[in-house]
Amino acid sequence: MTGTLTDTGIQKIGKRFIDSVNHATYTLDGTAQTTPLFRKTASGSEIRIYIYFDEDVTGEIADVKLIDTDGDIVADSNGKVFVKTPGKGLYIAFKYNITEVEAEEANGIV
């Protein structure tokens, strides 16, 4: 069986996802913080959401999470820790690729 989603369908899924992501949360040296998103893009099947920490932010950035308009966590950095040094910016990117997969048949139901 070939995929049933059109390129337009895949693009719309990506666009709706990025439109639902509202902001990011993280800890800076163990203190909870909130930050706006820097950039969100959906192109074809690829989704990218960027968070930017400017040169004024320094310390250990951890527990980065994307929060949607409902206040739910929709993605997190899975324990990655970023050490932010003074005088330089830091981008953190969440990247996804939408792929349709064939459902497995179970008891004759697909």
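Quick notes on this one:
- Condition met for T4 (open to solvent by 80 Å² or more (accessible area, probe 1.4 Å), out of contact with any Ser or Thr (no Cβ under 9 Å at 6 or more places or on another chain) and in contact (Cβ under 8 Å) with a residue 60 or more places away in the chain): yes
- Pairing each residue of segment 11-32 that is farther than 17 Å from I67 by Cα with any residue that is open to solvent by 80 Å² or more (accessible area, probe 1.4 Å) and not in a helix (DSSP H, G or I), provided the two are 6+ apart or on different chains, yields C-beta distances under 7 Å for D29/E60.
- I61 vs. criteria modelled with pLDDT of 95 or more and under 27 Å from G9 (Cβ atoms): no
- Failed criterion for V101 (all others in (1) open to solvent by 30 Å² or more (accessible area, probe 1.4 Å); (2) hydrophobic (A, V, I, L, M, F, W, C); (3) in contact with a Phe, Trp or Tyr (Cβ under 8 Å, 6 or more places away or on another chain); (4) closer than 24 Å to Q11 by Cβ hold): (3)
- Qualifying residue in segment 97-107 (condition: touching a strand residue (DSSP E or B) at 6+ places or on another chain (Cβ under 6 Å) and not in a loop (DSSP other than H, G, I, E, B)): yes
- Of the residues making up segment 46-73, just one is in contact with a helix residue (DSSP H, G or I) (Cβ under 8 Å, 6 or more places away or on another chain), open to solvent by 40 Å² or more (accessible area, probe 1.4 Å) and within 19 Å of N97 (Cα to Cα), namely E46.
- Per the conditions (1) open to solvent by less than 40 Å² (accessible area, probe 1.4 Å); (2) touching a Gly at 6+ places or on another chain (Cβ under 9 Å); (3) part of a strand (DSSP E or B), the sole criterion not satisfied by N22 is (1).
- Given (1) part of a strand (DSSP E or B); (2) open to solvent by less than 90 Å² (accessible area, probe 1.4 Å); (3) of a type in the set (V, I, T), index of the condition V83 fails: (2)
The values are calculated or read from the model by the stated rules, or taken from the named source; none is laboratory data. Quick caveat, the model's predicted, so the values are computed rather than measured. For neighbour counting, all protein chains shown are included, and Cβ atoms are generated from backbone atoms with ideal geometry for every residue, glycine included. Surface areas here come from the heavy atoms of the whole protein model, side chains and all, with no ligands, DNA or RNA. Shrake-Rupley method; radii C 1.70, N 1.55, O 1.52, S 1.80 Å.
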